[in-house]
Structure formats: structure tokens, C-alpha cells
Amino acid sequence: MNTRTSCSTPVGLVLSLFLLAIWALAGSPGPVNGQGSAPITTFTLSAPAVFDGDVRNLPSVAATPDERPLLTTDVARPTGTRLDGAPAPAESPAVPNAMPSPSASFEGLAKNDSCAGGSCGGGWPPDTNGDVGPNHYVQAVNTAVGIFNKSGTRLAGFTFNSLWSGAFTGTNCDSQNRGDPVVVYDPQGDRWIVSDFAFASSTATPFYECIAVSRGADPVSGGWYLYALRADDASHPWLNDYPKLGVWRDGLYMSANMFNSSLSFAGVRVWALNLAQMEAGAAVTVLVADLSTSYFALLPSNMRGMPPPAGTPAYFVSQSWLSTAFSVWKFAVNWATPGASTFTGPTNVSQTAYTTFSNRIIPQPDTASRLDSIGDRLMMQAQYRNIGGVESLWVAHTVRSSSTSTTRLQWAQINVTGGTIATTPVQQQIYSNGGDALYRWIPSLAVDGNGNMAIGFSTSYTSSYPSLAYAGRLAADPLGTLGQGEATLFAGSASQITACGSFPACPRWGDYSAMTIDPTDNCTFWYTNEYFASGDTVNWRTRIGSFKFAACVPSHVTNQYLPVIMR
């Protein structure tokens, strides 16, 4: 959720009191591993509207002004409380930089850029997101989409409202697109999926997730299927905040944090959508399950490279609110007999302890205003890799080692080989680069086809403007280390100093960034995030860059397992 217009103070108070109550349970045993299952309901999503044209010819339709209050920013653990009483973890050692230099680095969308429909940016923050395919990089921000070739030429830019303007679905997707965008590329079908949510009011049903699926490999001129998925229902008339998507062998999986009409957190909802039907432009079978308010911000697994074995359930992962753990669920879908599907968990996976903290702590130069760390949740995506039969989920988020330390990055590799969730990570680390002065936050990681990992993130300090950086490890590096050091993708040259809603200086830097892997070689990492430029502290900008490890042996993965899933 973003902070682009007026904010309601009571919401933050209510959510803080709510979480304090939840946190009081932390001294009790956490959820039992594999403790149970959530009821599943099934419905059919109508066949989509069709945009059969070139997005460069879309009509000019302006973005909808956002009227959302601040929600999930204020959901934070009480400050200064160590989860298990353990001492602060040792500083990760500084490592000489051996990271590869960027092979590409170019401008993404900026707030004041012109897109079909007016300004590309609909407010603060941009919630920068994107993915890469064989020939394109597709980026989404609040509230527009940019399509680039890999040399950095912008081929198209349009608002979500512009894309949906001719859909005539009779839903809020047609003209009330509000943001929280997600882009995922499906290497199985060589298709693009771009979504955001839509509603007339953040406190009034109905609420929609607007999912656009490319009709072919070309996102510019190949056309799009436009699915308006109602995310709430009569029994759960709730706003679907912080939606996340993941591509799996048998479907498209989604999660969202749900908020009721009083803007109180109501729990987590998860979906499974038949992706083969979506990519055929047909009516879609959809499965839905709900979790209680004991859980928050589940990430669906997103696969790249070799798929999981047939019958492997999709995974969802979250940062536990009740114990020092990563929590993992399984969504086992039976499309032939939807009633036989199950959503089970969580299995808790041990985690290095850290100190809980308030979110608005990231310092910037030239201002006393501090930025939001978004430290209460895992950052997208929960990346799945199957390398040599070893199946893993890779996750990352922002932590702190003490109540006065800088923010750091916690990342982990969780073994899920054969559907068995190991309760101890293969490896994990709280990364601080030797405990230097930089605050690091909003991470996103990916793993190449050789098992090498890279993590992108923002950095900032009172003497260092918010910038884009990346660090990484080779598969042969010692476990639990980013053995290749850290490099700068792009240095920002200004701080975020602008009002948004009731904030004289906007604290939110973004809900996420995005690190992904190029399917053409299974080696090249692509990363996107935001920054500000000198002389302009109001209009955010974004950057897109790529790099790869010289040791990576390329392998082509696009469409390689289409016959397996019978598309």
C-alpha cells in the first residue's frame, strides 16, 4: 500500500494496537509445522475482454487519483524486542568487490514522464517492478507500464487506465486502476502478465485485481487478454492490498493482505488461477483460500529454469509474526477435480534472530525525513530453483541487528526437494558488508541456472543519497556468504523530499524492487529500482540494469518444457 494522498491517523493506531496484541503471543509456541489446511472455494472467472492492437496506439486516458490511506506501512513490530533473546548476529565481513559490472544500465519510467494517458507516475512511491523476456523488459510503476528493448529504448509507455479503457468489463478495472503493480514473465508460454488493483473507494466493495495477459510473445503489438478478477466477495468485502503473483508449473498464484471497511487487517487471501486457460483467452477456473490475521504478506513461489516435478504443489512463504521463522505453505491444486485441492501449512523454517524495529528509520542527506524500511515482510519474489534435482526457495527481507544498528538484508535458501520442506535453511545470512554506515533495504534476489545468486537493494545514509546496489555469491562460495562483494548499479543524487497525503515529507520509498533472470541464457540478472536526481526531490526516477557472472554457463530455458505441461 502506498502513501499518495490523505492518510488517516486512527488507522495506524488501530493497526499498531492490533500487532502489539499479536506480538504478545510470541512467547508462546508458534504455529505447529503443517498444522492444518484452509478451506478452499472455487469459481469461474469470465472470459476476458480482448485488446487486439498495438499498445502504442492506445487512447490517452489519465491515471485515477489515488485516495488510499496508509495501511501496511504502519504494521510493524514493537521496537527494541529481540525475537528469541539471542545476542545480535556477528557482522558479515566486508568482501572486496568482485561483482561483474553492469552490461546494461538505462532509464526506466519516471514520475513526470509522458505515457499514453498523461504522466507515467500516479503519486509516491512508484512501487517499481519488472521482468525480462527473450526480447523485452517490461516495467510497471504506480500507475503505468513501460516496455523496453534490451538496449534501453522505450518502445511503449501507457497508463493502466489507458490499457483497460476499451475493455468494457463493467468493473472498476475499466477506469479505476490504483496501483500496486506486478509484472511476471511466463517462460512456459512465452507470455507476459501485468496486474494492478482497482476500486472506487478503499473502504467500499467491490475490489478487483486487473490481470492483463499478453496474447503472444510480443507485448507491444501482440495484443492482451484483460481479466477483471473480483478479489473480495459478499462474505469478505475486503480490500486486496499488497497483491503478489508467482508463475508455477500448473498455474498463476496470487496473494494479498486483506483490509476491511474499517481499514483493519482482516487476514491473508490466496488464489490459484489456471494459467493455461488464461493464456488461451478462455474462462478461468479459480481457487481461493483465506488465512487468519495471525499471518501476513505471503509470497507465492515464482519459478525460473527447470520446472518442479509433476504434482509438486506451489509454495507460499512469509515472515512469521509468531516466532523466529520463515513460514511455508503448500497449495496443491487439482484442476481436474478442484474439490480435491488443498492449502496446508505452515511449516516453520528456522531463522537467524534479529531485532524488531520501527519502519521509518532510513536516513537521507539534506533532510531529517526518514524512509520506510518495509521491514515487516519478505520482499518479492519467493524464487524457486530446481538445479540438478535440488529444489530451493530463496527469500530476502530487511532486518536490524540491534535497536541502533543500520538496516541489513537477511536472505535464505530453503530446501524443498521432493516436496519436503527442510526446517533448517541450506544457508542464510544477515548481510551488512562489514557493518559499514550504509542502510540497506527493499531487497529482491534471483538465482541463475548455475546456482549463483544476486540480490539488489537500495542504500542510503546521511552522507549518501538513496542509490541502487547489488551483491552476490557464486554457487561455490562458502555457504551463508555474499562472497563476490557489492557493487553500485546507479548512484542517486538527491533525497526524497516531497509531501504526500498528510505527510510533509513522504516516508514510503516503495513496496518492492525486482531482480529477475533472463530466460534466453539463464545467466543474466536484470534489476530495477527507484532513485532521485539532483535538482529534483519531487519526481522519482527509475533505473533498469543487467549483469551476469562470467562463470555462468548459459542454458536456454524459454519454452523448453511446454510439452510437459501440455499447453
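Summary table below
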item: Flag for Q277 being closer than 27 Å to Q429 by Cα and among the polar types (S, T, N, Q); result: no
item: Residue, farthest from P126 (Cα to Cα), within the range 511-535, restricted to residues that are in contact with a strand residue (DSSP E or B) (Cβ under 7 Å, 6 or more places away or on another chain) and among the charged types (D, E, K, R); result: D518
item: Positions within the range 126-155 being open to solvent by 10 Å² or more (accessible area, probe 1.4 Å) and in a loop (DSSP other than H, G, I, E, B), in sequence order; result: P134, N135, K150, S151, G152, T153
item: In the range 218-236, the residues that are part of a loop (DSSP other than H, G, I, E, B) and open to solvent by less than 50 Å² (accessible area, probe 1.4 Å); result: P219, V220, G222, G223, A231, D232
item: Candidates S214, S201 - the one that is over 30 Å from P134 (Cβ atoms), in contact (Cβ under 8 Å) with a residue 12 or more places away in the chain and of a type in the set (S, T, N, Q); result: S201
item: Count of residues meeting criterion [at positive phi and either open to solvent by 10 Å² or more (accessible area, probe 1.4 Å) or of a type outside the set (G, A, S) (or both)] in the range 257-274; result: 1
item: Residue list for the range 464-500, filter: assigned to a strand (DSSP E or B) and open to solvent by 40 Å² or more (accessible area, probe 1.4 Å); result: Y465, T488, F490
item: Some residue of the range 528-544 being at pLDDT below 95, among the polar types (S, T, N, Q) and farther than 17 Å from Q496 by Cβ; result: no
item: The range 194-235, residues that are in contact with a Leu (Cβ under 8 Å, 6 or more places away or on another chain) and of a type in the set (D, E, K, R); result: E209, D232
item: All positions within the range 442-451 that are of a type outside the set (S, T, N, Q) and part of a loop (DSSP other than H, G, I, E, B); result: D448, G449, G451
item: Scope the range 188-201; condition farther than 11 Å from Q176 by Cβ and not in a strand (DSSP E or B); matching residues; result: Q188, G189, D190
item: Pairs with Cβ under 8 Å, 6+ apart, first in the range 176-192 and free of Cβ contacts under 8 Å to residues at least 60 places away in the same chain, second part of a loop (DSSP other than H, G, I, E, B); result: P181/D127; P181/N142; P181/T143
item: Complete set of residues in the range 501-515 that are open to solvent by 10 Å² or more (accessible area, probe 1.4 Å) and assigned to a strand (DSSP E or B); result: F503
item: Residue match in the range 190-201 (condition: more than 26 Å from G510 (Cα to Cα) and hydrophobic (A, V, I, L, M, F, W, C)); result: no
item: Hits in the range 416-441 (condition: open to solvent by 10 Å² or more (accessible area, probe 1.4 Å), part of a loop (DSSP other than H, G, I, E, B) and touching a residue at least 60 places away in the same chain (Cβ under 8 Å)); result: I421, A422, T423, T424, P425, N433, G434, G435, D436
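The values are calculated or read from the model by the stated rules, or taken from the named source; none is laboratory data. Keep in mind that this is a model prediction, so the values were computed, not measured. A quick note on method: Cβ atoms are made from the backbone with ideal geometry, for glycine too, and the neighbour counts reach across all protein chains shown. Accessible surface areas use protein heavy atoms only, side chains included; no ligands, DNA or RNA. Shrake-Rupley method; radii C 1.70, N 1.55, O 1.52, S 1.80 Å.
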